[in-house]
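A.B. asks: Would you mind keeping the following structure in view while I ask a few things?
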Amino acid sequence: MKYLVPGLTSLLLFVHLVAVAQVRPSAAGKYPAKVPVHKKAAAPAIPVPASAGIVVPSWLPSDAPVQPAATILTDVLDTKLDVRFDYKKQYLLGTAILTLRSHFYPQSEVVLDAKGFDIQKVELVGDKKNKGLNYNYNRRKLVIALGQPYPRATSYQVRIVYVAKPNELPQGGSTAITSDKGLYFINPLGLEKNKPRQIWTQGETESSSCWFPTIDKPNQRMTQEISMTVEKQFKTLSNGLLTSSHANSDGTRTDTWKQSQPHAPYLATMVVGDYAVVSDSWHGKPVDYYVEPQYAGTARAVFGHTPEMLDFFSKKLGVEYPWEKYSQIVVRDYVSGAMENTSASTFGSFVQATRRELRDANFQTSEFVIAHELFHQWFGDYVTCESWANLPLNESFADYSEFLWAEHKYGADEAGLVQEIKINNYLEEANSKREPLIRYRYVNREDMLDRHSYDKGGRVLHMLRKYVGDDAFFASLNRYLTQNKLSAVEISKLRTAFEETTGEDLMWFFNQWFMQRGHPELRITHTYTNGQVSLRVQQTQDTLFQPVYRLPVTVAVWTGSNQPTEHRITVTKADQTFQLPANQKPVLVKFDNESQLLAQLDESRTTDELIFQYYHARDYQQKSEVLDLLQNKTAELAVSSLLRNALNDKFWNVRRLALDHLRRYRGPEPEGMRKDIQRLATTDPNSRVRAQAIKTLATLHEGNFGPIYGAAVGDSSVLVAAAAIEVLAKNPETTTLKQVAAIDNTTSSSLLVSIASYYSLNGGLDQYPWFLRRLPDVAEADLYAYFQSFGTLMTHIPPVERDKGLKMLEEYARTAPRYEVRLGAYRGLALLLPTMPTLKAVLQNIRDKETDDRLKAFYNLM
């Protein structure tokens, strides 16, 4: 779920990634394409006044307020909701009965979060008669006078009749969760073509109080019952089990869902819509997949690994899946990637797939999102972070579940790729931001939803696993879950579980990795003299603001082509030399031979040593590292031979990387190499490899590959077809326009984006109606790129023909719910400024009326 950093930096990063990739982001950008490995790249620094005598790194955040866990005066024990919906006004008409109890000290009032409601009645529920209560309400907090102090031994019930008006709330959100109004009506009047009518909620971080009154903090825990009255053709979903469903005389139906074990308010959910429900089961518990009816035939292919995941995670943790059922539901226009609502996870529509789209191996990404949200049912739902400062106790584990699932289901290479991508994700963010994982200072709680809490946290857990060993790691997790079940915790609980299990004081590990900012930046060199390797490890990070790390690590010394000698060392100093015995000069000394450190490594090796490493690599990451480090030496015979060898590697991403690096090849082009690339472009079983091979062929100077590109346009894989269209857009054949037109009725949104890009460069007035006609079929996540292609196309047609397109772009730039869609439409309009100066006033007016701080900041830079 929710991934990128909030704020302007994230917005620009998001814009850059979308502009480059022009593919649907999975899980709100959580799974970007592979980025280059960050080597020894020191973060830039900005000076402070000379009198201070220090230089402050640019990644060091400014002071932020302390954000402790919320003080608990009152416990919400149970929430009963009875709701119906006004689709025209987009209101929720609700009655809430809250069972409350003073936490410790007697309380004579209760303060509830209730955002933007019309409060119609507040009562104390009595045995025979309800009693009206006095209250104050400022449209954010509802303060109810109870009339007497209630001791902690006595619970009481408050009944509140209210109207929730989510669309009248101030706009807010972050890059990770793009809106925070809590309750969403999708196509409520049914006016949008090809879009279903739906209602759904998104509670994290504190947006459940936008649709029901509660104490909206993660250290609250409640049971719940939600009754939804809906049109009879719709299905409903909420937490827990469906306990009743009855038809009403007015043609509606009321469904009641009951959650019998307590969970945090932000995990409450409701979804209403027209769904096909594909049913499965695990250990007698219902496992259901809710998809739009047209995707019923592929729902099991998308979600079908869920029972196996339930089995795998339950056995690994020694704690069986704890909830009554597990449902997964897909919604339109989702404001995040996915959300781990207790027993009922919600996913954006990117996970739905046609049979053609399922042929692309990249749909495995959706599988990792599914694993991520499922693992949250233990880490986040069963045991919950007590404050947003401790969010990594939820997200680091969910992130690491993706590695665990890849390792279990697909093997070490696939897990190594997950590890590589996620290390790079964090290091990319670390160029501009370095915070402790557990941070009690932040400006906005959604600042916590970043690559630290996710990617860094997952890698820290991997290092902890490697340090204590598998048995101790999973035994510690079992202790943590068992001792803290159905409660809210802070980081000390996790440390204690590991210490009690292993018998070792692990304060050093938790302090340097969870409580302090940054990561090691290591310079590794070695020499050989008199039967010993002198291995020098220098920690070059700025230790004024980051620690000197204690790093247990394995070093492999190769003295021949047989097995290496492995040495376990522990780095504890900023500059440290280790003496390792070797009976002859090594052909390779490999630091961190297990590829487990979260660090930037500048490891001195010759080209010969790197080539030896590739052919004797322990894992995928060691091969990938060599390919990256040698990418600028492709003209050297030994390196080009290595790349040729990599084209036949058993793991698909090694083949893809080799193809990508061959795009930089500038030496003689052997016929055998061209044939290898053609073979991969046409016959490789992995569509990501075929797509990369298409792009690599386009960089060769010899050979006519037009027939291959033309055939690829009709490939069964969307990825391959899109790659071919991308190549042909820059150098079209005489038949290309006809070939592209033959598939421009596709139902694939990502392919529509590629076709739009092609038409923007090679089309004209004939394609203008196509852009308008296909707009309803483009997924919202793809509109950023689509609108800019449309703007580019309109620069090629007479201004008098642009009226409909201009109005459409202006409307989206002003009113689209998602800020990146508004940005895409704005940029599409801006492309027309050189030929339509009158648009300057329109664009200025759009900027002036924009209320989203992220977009206002971006517009100010333009």
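FYI, it's all coordinate maths here, none of it is from the lab. Worth saying up front: this structure is predicted, and the values here are computed from it rather than measured. Note that we place each Cβ from the backbone using ideal geometry, even for glycine, and neighbour counts take in every protein chain shown.
A.B. asks: How big is the gap, in Å, between the Cα center of the stretch 267-305 and the Cα center of the stretch 567-616?
C.D. replies: With the stretch 267-305 and the stretch 567-616 each reduced to a Cα centre, they are spaced 49 Å.
A.B. asks: Give me the one-decimal Kirkwood hydrodynamic radius in Å for the stretch 521-597, with the sum taken over alpha-carbon pairs.
C.D. replies: So the Kirkwood estimate lands at 13.0 Å.
A.B. asks: Which of the helices in the chain meet the span-like rule: DSSP H, Cα axial reach of 30 Å or more, Kyte-Doolittle mean at least 1.0?
C.D. replies: The qualifying helices: there are none.
A.B. asks: Taking just the C-alpha trace of the stretch 229-292, give me its Rg and Dmax in Å.
C.D. replies: Spelled out, the Cα radius of gyration and Dmax of the stretch 229-292 are 13.0, 39 Å.
A.B. asks: What pairs in K88/K131; K285/K466; K738/K840; K80/K181; K235/K804 have C-alpha atoms more than 29 Å from each other?
C.D. replies: Violating the 29 Å Cα-Cα cut-off are K88/K131; K285/K466; K738/K840; K235/K804.
A.B. asks: Which whole-angstrom value gives the distance between the alpha carbon centres of the stretch 177-201 and the stretch 492-518?
C.D. replies: That distance is 44 Å.
A.B. asks: What translational D, rounded to a whole number of µm²/s, comes out for the stretch 230-347 from Stokes-Einstein when the hydrodynamic radius is the Kirkwood one over Cα pairs, at 20 °C and 1.002 mPa s?
C.D. replies: Answer from the Stokes-Einstein relation: 141 µm²/s.
A.B. asks: Based on DSSP H runs of at least 4 residues, each adding -39500 (n - 2.57), what is the mean residue ellipticity at 222 nm of the chain after dividing by all its residues, to the nearest 500 deg cm²/dmol?
C.D. replies: Helices in the chain give a 222 nm mean residue ellipticity of -10500 deg cm²/dmol.
A.B. asks: Given the C-alpha centroids of the stretch 828-858 and the stretch 414-433, what is the distance between them in whole angstrom?
C.D. replies: Distance between centres, Cα-based: 35 Å.
A.B. asks: How large is the Kirkwood hydrodynamic radius of the stretch 92-164, in angstrom, based on all distinct alpha carbon pairs?
C.D. replies: That comes to 12.6 Å for the stretch 92-164.
A.B. asks: Could you give the size of the charge dipole of the chain about its Cα centre, using +1 on the Cβ of each K and R and -1 on the Cβ of each D and E, expressed in debye and rounded to the nearest 20?
C.D. replies: Rounded to the nearest 20 debye, it is 940 debye.
A.B. asks: What relative contact order, as a whole-number percentage, does the chain give when Cα pairs under 8 Å and 6 or more residues apart are counted?
C.D. replies: RCO, the chain: 10 percent.
A.B. asks: Roughly what would the spin-label model give for R441 and D602, points 7 Å off Cα along C-beta, in nm?
C.D. replies: Those two pseudo-labels are separated by 2.9 nm.
A.B. asks: For a quick check: with amide H placed at 1.01 Å from N, whose amide H comes under 5 Å from G116's, ignoring anything fewer than 5 positions away on the same chain?
C.D. replies: R140
A.B. asks: Beyond 13 Å, what share of the Cα-Cα pairs of the stretch 368-422 is found? Please give it as a whole percent.
C.D. replies: 57 percent
A.B. asks: Provide the gained length on full extension for the span S716 to S108, in nm with one decimal, where the gain is 0.36 nm per separating residue minus the Cα-Cα distance.
C.D. replies: Answer, rounded to one decimal: 212.2 nm.
A.B. asks: Now for a different question. Can you tell me the Rg and the Dmax, both Å, for the Cα atoms in the chain?
C.D. replies: Radius of gyration, then largest Cα-Cα span, for the chain: 28.6, 94 Å.
A.B. asks: Just need log10 I(q)/I(0) for the stretch 744-862 at q = 0.12, 0.16, 0.20, 0.23 Å⁻¹, Debye formula, equal scatterers on the alpha-carbon atoms, no solvent, rounded to two decimals.
C.D. replies: Log10 of I(q)/I(0), two decimals: -0.39, -0.70, -1.07, -1.35.
A.B. asks: Taking +1 at the Cβ of each Lys and Arg and -1 at the Cβ of each Asp and Glu, which of M808, M836, I755 sits farthest along the dipole of the stretch 744-862 towards its positive end, judged by Cα position relative to the Cα centre?
C.D. replies: My answer, from the dipole projection, is M836.
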